Amino acid sequence: MSASHQMLLGHYLPGNSIVHRTSLAAKYLVVLLVGAAVLVWRIPAVGLGTLALGVGLFILAGPRVLRAWVAPLRQLWWVFAILGIYQSILNSPLFALTLVSGMLAVIQCGRLVLLTTTQAALLDGLERAASPVRLLGANPATIALAVALMLRSIPAIATSVQELSDAAKARGITRYPTTLAAPVVINTVGYAQRTADALAARGIMERN
Amino acid sequence: MIRFNNAGLLLPADDPTQGGRTVLAPCRVDLAESRIAVIGANGSGKSTLLRMVNGLVSPSTGSVTVHGFDTVAQAKAVRRRVGFLFTDPLSQLVMPIVSEDVELSLKASHKDRTARSAAALAALAELGLEHLAQRSIYDLSGGERQLVALCSVLAAGQDILVADEPTTLLDLANDELLQRTLGKLRQQVIYATHDLDFAATADRALLVEGGRIVFDGHASEAVAAYRWMVRHGSMSA
Amino acid sequence: MIRFNNAGLLLPADDPTQGGRTVLAPCRVDLAESRIAVIGANGSGKSTLLRMVNGLVSPSTGSVTVHGFDTVAQAKAVRRRVGFLFTDPLSQLVMPIVSEDVELSLKASHKDRTARSAAALAALAELGLEHLAQRSIYDLSGGERQLVALCSVLAAGQDILVADEPTTLLDLANDELLQRTLGKLRQQVIYATHDLDFAATADRALLVEGGRIVFDGHASEAVAAYRWMVRHGSMSA
Amino acid sequence: MTMPSQHLDARPAARIGARDLALVSVFAALIAVLTLVPAVPVGALGVPITLQTMGVALTALILGSLRGGSATALYLLVGLAGVPIFAKFSGGLGALAAPSAGYLIAFPIAALVTGALATLVLRKKSRVRFGWLFLAAMGGSILVIHPLGILGMSINAQIPLGQAFILDMAYWPGDVVKNLLAATIAVSVFKAFPNFARRRFQS
Ligand SMILES: Nc1ncnc2c1ncn2[C@@H]1O[C@H](COP(=O)(O)OP(=O)(O)OP(=O)(O)O)[C@@H](O)[C@H]1O
Ligand SMILES: Nc1ncnc2c1ncn2[C@@H]1O[C@H](COP(=O)(O)OP(=O)(O)OP(=O)(O)O)[C@@H](O)[C@H]1O
Ligand SMILES: O=C(O)CCCC[C@@H]1SC[C@@H]2NC(=O)N[C@@H]21
Ligand SMILES: [Mg+2]
Ligand SMILES: [Mg+2]
C-alpha cells in the first residue's frame with residue numbers, strides 16, 4: 001500500500017530557489033502566458049524564445065531541477081520527431097521548428113510548476129482557484145475535500161485490484177482481465193459506500 | 001438518551017429479491033446506561049440497529065431520537081452528538097496523515113488553522129497518541145489505526161459513541177488496548193461484538209435474533225441466554 | 001506436504017519507506033500435520049507466511065514447495081492443490097451474486113451449466129446457506145459473506161486449504177459451524193487466527209513475532225507462550 | 001462491516017451529501033487508476049490507447065449524468081492542477097498544449113451525455129439493457145470525445161481536420177471494445193447494487 005501511495009507524490013524536487021519560493025499563482029500565470037503566446041504567434045521567435053525562457057527558469061530553480069529537464073525528451077522524443085517531420089513536409093521546416101519548440105516550451109513550464117511545488121501547496125492553490133464556485137452556491141472546501149478523497153482512493157483502488165487478482169489467482173481463475181474487471185468496479189462502488197458512511201458518521205458534508 | 005419509538009426496518013415490497021423482508025422488527029427501547037453491548041448471530045440485525053442510532057439507516061416505521069432529536073429529520077444535530085466507529089479503520093480514515101485526519105473532524109468547530117492543529121494534537125494526546133501525529137495512516141499497526149479512528153471520531157466532541165465490532169481485526173494486545181481505552185471514555189458507548197467476554201463487561205446488553213430484541217438486561221445474563229440459545233439450536237440462522 | 005526451504009522475504013532496499021525491512025526471516029519448516037495454526041501479533045508476518053504457501057507472495061530468498069511443486073515456477077500446479085480463504089470476504093468474492101460466485105469455482109470441474117448450478121446449490125446447502133443463493137454479495141451481513149467465501153473455496157476441491165483469519169466476522173454459532181466444518185474436512189488446513197481457543201485445537205502451531213518463527217510445536221504450548229509474551233510485554237509491536 | 005443500502009429515504013433531496021461526494025471522488029480515482037494502467041503507445045502524435053475512455057463511460061453509466069460529469073470534471077481538474085494522472089503519468093496545465101488536449105476536455109462533456117442517455121435507457125425495463133447501455137456509451141464517444149479530440153489534434157499539432165480525422169480512426173476499434181466492456185461491467189454493478197439502476201444512491 002505505502003509504495004503505491006507514494007507513487008503520486010514523486011514529482012516534487014525539494015529546494016529553496018527563487019522559483020520554489022515564487023507563489024503558485026505567479027507560476028501558473030507564466031504557464032498560461034507562455035501557452036497563449038505560443039498559440040497566438042506561430043513564429044519561430046516566440047517558439048524558440050519561450051523554450052529558452054523555460055530553460056532559464058529551470059536553471060534558476062537549481063541543478064537538481066535542471067537535470068529533470070530532459071525527462072520528457074527521453075519519453076516523447078519520437079512524438080516530437082514525427083510531428084516535426086510531418087509538419088516539415090506539410091508546411092515548412094521552419095514552421096515545424098516553431099510548433100515543436102512552442103509545444104515543448106508549454107509542457108516544460110507546466111512541469112516546472114510541479115517540480116517546484118509541494119502537493120499540499122498545489123491542492124491549497126486548487127482550493128483557492130475554486131473559490132469562484134461560491135457564486136454558484138457551492139463551497140470550495142467541498143472541492144478540496146473531494147480532491148483529498150480522490151487522492152486517497154487511488155491507492156485504495158489499486159490495492160483492491162491487487163487483492164482481487166490475488167483472490168482470483170488463489171482460486172485458479174486466470175482468464176484475466178475481463179473476469180476481474182466487473183468485480184473491481186463493484187468493489188470500488190462498495191468502497192465508495194463505506195467512505196460515504198464514514199463521512200456521514202463523522203458529520204462531514206451534512207445536509208440539514 | 002437514545003430512544004427507539006417503535007423503530008423498525010421492513011424492506012419495501014418492490015425489492016426484487018428481498019421484498020417485504022423484516023430486517024428489524026419495530027422496537028421500543030430507551031438506551032441510557034454508560035456501556036451497552038449488542039450481541040446476536042450473523043445477520044440478526046445488530047449493525048442495522050446501531051446504524052439507526054445515528055441515522056445511517058432510517059427506520060421505515062417509527063422513529064429514533066437522541067436527546068430528543070430525530071435521527072432522520074434532525075440528522076445534523078444527531079451526528080454532532082453521536083460518533084460511529086466501524087470495524088475497518090482504513091475505510092473511515094479519510095486523510096493520509098494522522099493529524100490531518102483528526103483536523104478534518106474539527107473543521108466545523110475550529111475555523112482557524114493553527115487553533116485546529118493544536119486542538120487535533122490535544123485530542124490525540126488525550127488518548128496517548130500524540131507520537132503518531134505525523135505518521136501516515138498506512139504505516140500504523142491495526143491497533144494504532146483503530147485508536148486513531150476512535151480519536152478522529154471523538155474529536156468532534158460527541159457524547160455518545162456507537163461502535164460496530166471495533167475489536168474484530170485486532171490481535172490480543174491491541175484488543176486489550178482498545179477495550180481499555182473504550183473503558184476509560186467519559187462518553188456513553190454502545191457496541192456490537194461477537195466477543196462475549198467483551199460484551200459481558202457492559203452495564204446492559206441487548207440480544208438480537210432474527211431482527212428482534214429477544215433479551216434485554218444484565219450483560220452476563222444476556223451472554224448466558226445467547227450461549228444457551230446457540231447450544232440448544234433455537235437460532236433461526 | 002509443504003516445505004519452506006529457507007524461504008524469506010526481505011523488502012528491496014530501493015523501497016521508499018520500507019527499504020531493507022525483513023518481513024519474514026528465512027525459515028526452514030515442513031508442514032505436514034492435518035491442522036496447523038499460525039498465531040502472533042498484528043503485523044508479525046502471519047499473512048505473509050500463509051501467502052507464500054500458494055505463491056501469492058514469492059520469497060525473496062529460498063523457495064517454497066507444495067508436494068514438490070515450486071510455488072513460483074510451478075504456480076499453476078500449486079494453485080490447483082491449494083485453496084486460499086482471505087480475511088476480507090469482499091476481496092475474495094468475484095461475482096456479484098452468491099450462486100454465481102460458487103459456480104465460478106466449479107467451472108473447471110463441471111462443464112455443463114445446469115449441472116454446475118445444481119452443484120453450487122448443493123455446496124451452499126452443505127453449509128446451510130441455500131437461502132442466500134440469489135442475494136447480492138453486498139446485501140449480506142459480514143458473517144454471511146465470510147461463510148459464502150468459505151463455500152466458494154471449498155467448491156473448488158483443492159486438497160490443502162490455507163485460511164487467513166477465517167472466523168473474524170463470525171458469531172458464536174457460525175464460528176462453531178466453521179470450526180466444525182474445517183475440522184471435518186479431509187483437506188489439510190493451515191490457518192492464521194487471533195482466536196487462541198481456535199488455535200489451541202490444532203495439531204501444531206507456529207508462533208510468529210517480528211517476522212520470525214519463535215515457537216513451533218504443540219498448539220497449546222504455542223498459545224501459552226504467546227500469552228506469556230503479551231503479558232510480559234516482550235512483543236516488538 | 002459494510003451494511004448496504006436501505007431503500008426508504010424520508011430526507012428531502014438537498015444539495016451535495018456525503019454519499020454524492022464519496023461516489024464522485026471515488027469514481028474520479030477509478031478513472032485515474034484506469035489511465036495509469038499501462039497504455040498502448042500507438043498514435044502518431046503520442047496520443048496512446050488508454051483505458052480512460054472506459055473509465056469515463058463506466059462512471060457515466062453507473063452514476064448518471066450529473067454525478068458522472070462531476071466525477072470526470074474532478075479528474076480533469078486534479079490532473080490540470082498538476083497531479084500526474086493523465087496518460088503516461090503526465091499532468092499540469094501543459095497537458096492543454098499537447099495533441100491529446102481535445103480528448104481530455106471532451107471527457108466531462110461526454111460523461112454528461114452518456115449519463116443522460118443511460119438514465120433514459122434504464123427507465124424502461126428491457127431484456128437487452130446491455131445493448132442500450134452500450135449505445136449510450138457509444139453516444140458519448142461519437143458525439144463528443146472523437147469530434148473534440150479531432151479538433152484538439154488539429155489545433156495543437158496544426159494539421160488539417162481531415163488528417164486529424166484519419167489519425168483518430170486508429171482509436172475506433174479500441175473504443176468500441178472498451179464501451180462493450182463498460183456496458184458489461186455496468187450490468188454487473190446494477191446486479192450487485194440494484195438501486196443504482198434506479199439512480200437511487202442514498203442508502
Ligand atoms: N439494504 C438491505 N437489503 C437487503 N438486505 C439487507 C439490507 N440491509 C441488511 N440486510 C440484511 O439484514 C440482515 C441484518 O443485517 P445486519 O448487518 O444488521 O446483521 P448483523 O447482526 O450486523 O450481522 P453480522 O454479525 O454478520 O455483522 C442480514 O441478513 C442482511 O443480509
Ligand atoms: N509488500 C510489502 N511491502 C511493505 N510492507 C509489507 C509488505 N508485505 C508485508 N509488509 C509488512 O510486513 C509486516 C507483516 O505483514 P503481515 O500482513 O504478514 O502481518 P500479519 O501477521 O498477517 O498481521 P495481522 O494480524 O494484522 O493480519 C507488516 O508490517 C506489513 O506492513
Ligand atoms: O490523458 C491524456 O493525455 C489523454 C489521452 C487521450 C486518449 C484518447 S481518448 C479517445 C481515444 N481512445 C483511446 O484509447 N485513446 C484516445
Ligand atoms: Mg454487523
Ligand atoms: Mg494478516
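The values are calculated or read from the model by the stated rules, or taken from the named source; none is laboratory data. Worth saying up front: this structure is predicted, and the values here are computed from it rather than measured. FYI the Cβ positions are ideal-geometry reconstructions off the backbone, even for glycines, and counts take in every protein chain you see. For accessibility, only protein heavy atoms count, side chains too; no ligands or nucleic acids. Shrake-Rupley method; radii C 1.70, N 1.55, O 1.52, S 1.80 Å.
Some notes on this structure:
- For A:Gly172: the one exception among (1) in contact with a Lys or Arg (Cβ under 8 Å, 6 or more places away or on another chain); (2) at pLDDT 80 or above; (3) farther than 22 Å from D:Gly91 by Cβ: (2)
- Here D:Ala157, D:Ala95 are screened, and the one residue that is touching a strand residue (DSSP E or B) at 6+ places or on another chain (Cβ under 7 Å) and within 10 Å of chain A (Cβ to nearest Cβ) is D:Ala95.
- Some residue of segment A:102-117 being closer than 23 Å to D:Thr184 by Cα, part of a helix (DSSP H, G or I) and touching a Gly at 6+ places or on another chain (Cβ under 9 Å): no
- Helices (runs of 4 or more DSSP H) fully within segment A:1-40 counting 2 or more residues that are closer than 30 Å to D:Val37 by Cβ and at pLDDT below 80: A:2-7
- D:Thr72 buried (at least 24 other Cβ atoms within 10 Å of the Cβ), closer than 29 Å to D:Gln163 by Cβ, among the hydroxyl-bearing types (Ser, Thr, Tyr) and in contact (Cβ under 8 Å) with a residue 60 or more places away in the chain: no
- Subset of segment C:21-56 (residues that are of a type in the set (A, V, I, L, M, F, W, C) and at pLDDT below 90): C:Val23, C:Ala41, C:Leu56
- Segment C:158-169 residues that are assigned by TED's automatic domain parsing to the domain that holds C:Ser44, paired with ones that are within 16 Å of ligand 3 (Cβ to nearest atom) and open to solvent by less than 10 Å² (accessible area, probe 1.4 Å) (beta carbon under 8 Å, 6 or more apart): none
- Considering segment C:116-145, and only residues there that are of a type in the set (D, E, K, R) and without any contact (Cβ under 8 Å) to a residue 12 or more places away in the chain, the residue that is most open to solvent (accessible area, probe 1.4 Å) turns out to be C:Glu130.
- Within segment D:115-140, considering residues that are small (Gly, Ala, Ser) and within 16 Å of ligand 3 (Cβ to nearest atom), the one surrounded by the most Cβ atoms within 10 Å (Cβ to Cβ): D:Ala137
- When A:Thr142 is tested against the conditions (1) facing chain D (nearest Cβ under 9 Å); (2) closer than 30 Å to A:Gly54 by Cβ; (3) touching a residue at least 12 places away in the same chain (Cβ under 8 Å), the lone failure is (2).
- Hits in segment C:83-104 - residues which are more than 8 Å from every other protein chain (Cβ to nearest Cβ) and open to solvent by less than 30 Å² (accessible area, probe 1.4 Å): C:Leu85, C:Pro89, C:Val98, C:Ser99, C:Asp101, C:Val102
- Sole exception among (1) open to solvent by less than 40 Å² (accessible area, probe 1.4 Å); (2) in a helix (DSSP H, G or I) for A:Ile173, by number: (2)
- Among (1) under 23 Å from D:Gly79 (Cα atoms); (2) open to solvent by less than 10 Å² (accessible area, probe 1.4 Å) - the single one D:Leu112 does not satisfy: (2)
- Subset of segment D:141-157 that is open to solvent by less than 60 Å² (accessible area, probe 1.4 Å) and away from ligand 3 (no atom under 12 Å from the Cβ) - its residue that is farthest from D:Pro99 (Cα to Cα): D:Ser154
- Some residue of segment A:186-200 being more than 7 Å from every other protein chain (Cβ to nearest Cβ), open to solvent by less than 20 Å² (accessible area, probe 1.4 Å) and assigned to a helix (DSSP H, G or I): no
- Inclusion of D:Gly162 among residues that are within 26 Å of D:Pro99 (Cα to Cα), touching a residue at least 40 places away in the same chain (Cβ under 8 Å) and open to solvent by less than 50 Å² (accessible area, probe 1.4 Å) is not warranted.
- The single condition from (1) of a type outside the set (S, T, N, Q); (2) closer than 22 Å to A:Asn187 by Cα; (3) more than 13 Å from chain B (Cβ to nearest Cβ) that C:Leu147 fails is (3).
- Test result for A:Pro155, more than 7 Å from every other protein chain (Cβ to nearest Cβ), open to solvent by less than 10 Å² (accessible area, probe 1.4 Å) and over 23 Å from D:Leu93 (Cβ atoms): yes
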